[in-house]
């Protein structure tokens, strides 16, 4: 039954439809058209964009690259973040200052930060190579070699997002119950055993949450790549979102980039769901 | 196994305690004999857990000495003391099976895997966990988890004592009963000293050979359950042990005897007692009532609670004092009815300044 009170929902519903539903449906429609810079318009070409997508090795390569990049960065972020959180958790006196300091990278605007890092990694003018030359290394082609550029992007990502892991894991550590630790002390467990048998299992749920959030964020990596390497050299640091940006907003192949976006979205949802399930099974246990 | 002795042992959470009030556990001398079951009883915040944690070594006392069989262990770590402790909430290692949980303390002590298997089999049989040894521990019920916590203490062959910190709080009433019985059985079979912390007096009384009553960081009395019931050393113990608590009545001094107007008693021997702050205490179970006669104390019924087999009567004496009677009488008792109250002379306890005279 429609009552007067339901009309008060309208503004929100209209907004929701306008900013989420309409773009999504429109993208689906566009992905079945040949809309490009020469001929803008909604014609219907069937699944031709999707066939082209399956044959586009550049797209699949970028996906593979992204998987590697996400895996490496998130793993490093998790390990470093956990280590930092453990360090600050035990020692409370100096902790506060560090907690604030650790958060600075996360709060910096991505583009500003990327510009700074691009300067740091500049081959002849940047301080990174300058410092390395003092100990007899280099010059390292940070941004002009394929592997160098990949590593640079990973370093910047880790630098920027480790604080996020740190923050979430520290919050988890602070809220852990005391009894299991007392019990472990009574059972005579060493610090290493205590970590693996008590801390790590207790932290599993929050770890999964933090890792999934970071994976979702990492799968959208774009601004760092755009500013630091523009996907180069060649396609060495090109991620799917950056590739879609090239196809859509540089080549103006609107129909094709819509198909790419949708394929990318579906793939991400499936992959992340599977990863979340696997992590749950691995860290928490089958029946949960 | 060991005799545990507290020598002037106290603990304050303040760095420089200014007076006795700053002590969570006021310095005390106490001996826990080897192989007995003890209950540490008292209201919340009375220092029970502090005492337990100082014994297990989770807390280092600020004062005094702790001796295991005469050996000073005041500053040694928990692992060296060979104490097992079970907490209020069952603690299990969630990633391990029941077997893994039980063998963990032995693995930490670098036992031979063959010996571990044998020992775990023995203990799991004792705890009746042998048919679920390979289940993941996190899937068990609360009372089974609590048995695992206990089992991790029992597998070690060098345990001096098992400390139980309100372990039955989260267990169903039905299971509580059987778990308590199991604890006693284990004590009989293994001869390991057990110290149970609780604020439930029936739990303490039914479990322990000896009950230690604490209040305000101080040990009030320790003794067998019936001693605490029949001869409480002070009014706190009288009040804390027993349900409903002991009745306290005012008394006057007349020549060489004490007179209690409420119960119409006039021949309590005075002895050397000085007048002032004298009271007598009578357990509600020790008072009996009958239909009013010409002499004897009279009281009016103000309320009557029926507890199934027992009745608890709230009564108002002729001089206005309020007290309770616990009785097995089957008859119906109306509110407002007058009853004659009597008590046997041996059941009257005299307290001066709150202490048993």
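We did not get these values from a lab; they are worked out from the coordinates using the rules stated. Keep in mind that what you see is a predicted model, and the values were worked out from it rather than measured. Using ideal geometry, Cβ is built from the backbone for each residue, glycine included, and neighbour counts are taken over all protein chains shown.
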When the helix-only estimate is applied to chain B (DSSP H runs of n ≥ 4, each -39,500 (n - 2.57), divided by the residue count), what is the mean residue ellipticity at 222 nm, nearest 500 deg cm²/dmol?
-7000 deg cm²/dmol
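Restricting things to Cα coordinates, could you compute the convex hull volume per residue of the stretch A:23-152 in Å³? Please list the in-between numbers first.
Working: hull volume 27.6 nm³, N = 130.
That works out to 212 Å³ per residue.
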Sort B:139, B:152 by Cβ crowding within 10 Å, fewest neighbours at the top.
B:139, B:152
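Averaged across orientations, what area in nm² does the convex hull of the alpha carbons in the stretch B:4-240 project?
In nm², the orientation-averaged hull projection of the stretch B:4-240 is 13.2.
Kirkwood hydrodynamic radius for the stretch B:172-236: how many Å is it when counted over pairs of different Cα atoms? Could you put the intermediate results ahead of the total?
Details: mean 1/r = 0.0772 Å⁻¹.
Every distinct Cα pair counted, the radius reaches 12.9 Å.
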Of the convex hull drawn through the C-alpha atoms of the stretch B:201-270, the volume per residue in Å³ is 110
Mind pulling up the Rg/Rh value for the stretch A:108-185? Radius of gyration and Kirkwood radius, both on Cα.
1.26
Could you state the angle between the C-alpha long axis of helix A:110-120 and the longest principal axis of the C-alpha atoms of chain A, as a value from 0 to 90 degrees rounded to the nearest 10?
70
Taking neighbour Cβ counts within 10 Å as the exposure measure, how do A:61, B:166 sort from fewest upward?
A:61, B:166
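So how much slack lies between residue B:257 and residue B:75, counting 0.36 nm per residue of separation and subtracting their Cα-Cα distance, in nm? Could the numbers behind the result be given before it?
Working: separation 182, 0.36 × 182 = 65.52 nm, distance 5.39 nm.
Full-extension gain reported as 60.1 nm.
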Based on the inverse mean of 1/r over its pairs of different Cα atoms, what is the Kirkwood hydrodynamic radius of the stretch A:128-282, in Å?
19.1
For each of B:86, A:79, B:212, count neighbouring Cβ atoms within 10 Å of the residue's Cβ, then give the residues from fewest to most.
A:79, B:212, B:86
Cα axis of helix B:142-154 to longest principal axis of chain B: angle in degrees, 0 to 90, nearest 10?
70
Just report the Cα centroid separation between the stretch A:104-177 and the stretch B:108-176, whole Å.
49
Hydrodynamic radius of the stretch A:76-152 per Kirkwood, over alpha carbon pairs, in Å:
14.8
P(r) of the stretch B:247-356 in 5 Å steps, Cα pairs, percent per bin?
2, 12, 23, 23, 17, 11, 7, 3, 1
Could you please state, rounded to a whole Å, how far the C-alpha centre of the stretch B:1-78 is from the C-alpha centre of the stretch A:201-251?
58
Per-selection Rg to Rh, the protein assembly as shown - Cα, Kirkwood hydrodynamic radius:
1.17
In this structure, the FRET efficiency calculated for residue A:52 and residue A:277 from their beta-carbon separation, with R0 = 45 Å, to the nearest 0.05, is 0.90
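Need one value for B:74-84: mean number of C-beta atoms belonging to other chains within 10 Å of its residues' C-beta atoms. All intermediate terms of the calculation are to be shown ahead of the outcome.
Numbers: counts 0, 0, 0, 2, 6, 6, 1, 1, 2, 1, 3.
Across B:74-84, the average partner-chain Cβ count within 10 Å equals 2.
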Over all residues in A:190-201, what is the mean tally of Cβ atoms on other chains that come within 10 Å of each residue's Cβ?
2
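What's the Cα-based Rg to Rh of the stretch B:27-144, Rh via Kirkwood? Walk me through the intermediate numbers first.
Details: Rg = 17.1 Å, Rh = 16.8 Å.
Result for the stretch B:27-144 is an Rg/Rh of 1.01.
Using the Kirkwood radius over Cα pairs, work out the Stokes-Einstein diffusion coefficient for chain A at 10 °C and 1.306 mPa s, in µm²/s as a whole number. Let's see the in-between values first.
Details: Rh = 22.3 Å.
The calculation lands on 71 µm²/s.
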Report the residue, chosen from A:123, A:179, A:157, that carries the largest GNM mean-square fluctuation when chain A is represented by alpha-carbon nodes joined by springs under 10 Å.
A:179
Considering only A:63, A:13, A:76, give the residue with the highest GNM mean-square fluctuation for chain A, with springs between Cα atoms whenever their separation is below 10 Å.
A:13
Per the Cauchy relation, a quarter of the hull surface: what is the mean projected area of the convex hull of the alpha carbons in the stretch A:214-266, in nm²?
3.8
Could you check which residue among B:246, B:268, B:335 shows the biggest mean-square fluctuation in a GNM of chain B with a 10 Å Cα cutoff?
B:335
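Relative to 2.2 N^0.38 Å, what does the C-alpha radius of gyration of the stretch B:187-314 come to as a ratio? Two decimals please. Before the final figure, lay out each step's value.
Details: Rg = 18.3 Å, N = 128, 2.2 N^0.38 = 13.9 Å.
With N residues counted in the stretch B:187-314, Rg over 2.2 N^0.38 Å equals 1.31.
Quick one: compute a quarter of the convex hull surface over the Cα atoms of the stretch B:154-209 and quote it in nm². Can you show the working numbers first?
On the way: hull surface 15.7 nm².
That works out to 3.9 nm².
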For B:86-99, what's the mean count of beta carbons from other chains sitting within 10 Å of each residue's beta carbon?
4
How far is helix B:113-126 tilted off the main Cα axis of chain B, in degrees rounded to 10, range 0 to 90?
30
